[in-house]
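Just so it is clear, none of the values below were taken in a lab; they were calculated from the coordinates. Values in this document were obtained by computation on a predicted structure and should not be read as measured data. Cβ: placed from backbone, ideal geometry, glycine included. Neighbour counts: every protein chain shown.
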């Protein structure tokens, strides 16, 4: 077999990559041209391969370490690496995952140029935020109407409760004159979705708490950080810095990551967090379920499509075919 370099592994487009890995209590290293993780078993050490060519994000939890050689290969393959607390979420919710992004100066520039053309104009930035909000509802509709498992669990997009909430959401979103109006409208819709999901799964006395010990809240935290990983990967590939948010605060670290992750959280993470909590699933079972749903419903594809469309809407060279990503 011909030799190839890690940079050749970018043959799989980022928008088509299927894997996010969360590892804990292991050592990540490079061996024989591959990235492996080593676990210490009772009688022997065990090595497992990480298929970095088809991976978007590697989350390192408690008790992990990584070698410089492994980081170099991950960077060359365009894999984002994040350090987190247990279960893929920070130990303290005030502490963000710290993303290590590959250092490539050969990413496309047209998306950043297009983004900056509207970002400094308050009205255009507000319109972009409204586009994000409309896109997340379109994705929610697409997923809930298509996913048989969610339908079987009672998640019906056409239910009166959901449609009534969406009517209010669209009216208030269209009338919004500033980002804070959109954030309030978003919070009100999410509150309805939490109540709907709790009723569907017979979850009593649910209150959203970021520092909670109940399963539904734990799974929501965990799933949200998986979505943040996809969002960070999308923005890195497109070359758009995380500080140019359209919804969350302009001075908040990583705010655009939260904007992009919000596109898919309500549709996938929210219902499965409640369903898996009802079934008393393990953290690993929940993670596998959510990652499979991300793949089935092409969550990363949708992120790329939405961000690219917003970035190029007023870009004078948008008729030029953009680079495949």
Full-stretch length increase - residue 210, residue 141 - with 0.36 nm per residue and alpha-carbon distance subtracted: 22.2 nm
Residue exposure sequence - 64, 56, 109 - by fewest surrounding Cβ within 10 Å: 109, 64, 56
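First check a/c for the chain, with a ≥ b ≥ c the square roots of the eigenvalues of its C-alpha gyration tensor; if it is under 1.5, answer rounded, and if not, answer prolate when a/b is larger than b/c or oblate otherwise.
Because a/c hits 1.5 or more and a/b fails to exceed b/c, the chain counts as oblate.
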Candidates 14, 170, 248: whichever shows maximal mean-square fluctuation once the chain is modelled as a Gaussian network with Cα springs under 10 Å: 170
Alpha carbon centroid spacing (whole Å) that separates region 270-305 from region 27-44: 28
The chain, relative contact order [Cα under 8 Å, separation at least 6], %: 19
Residues 20, 162 arranged by fewest to most Cβ contacts within 10 Å: 162, 20
Exposure proxy order (Cβ contacts within 10 Å, fewest to most) of 143, 81, 260: 81, 143, 260
Full-stretch length increase - residue 107, residue 148 - with 0.36 nm per residue and alpha-carbon distance subtracted: 10.9 nm
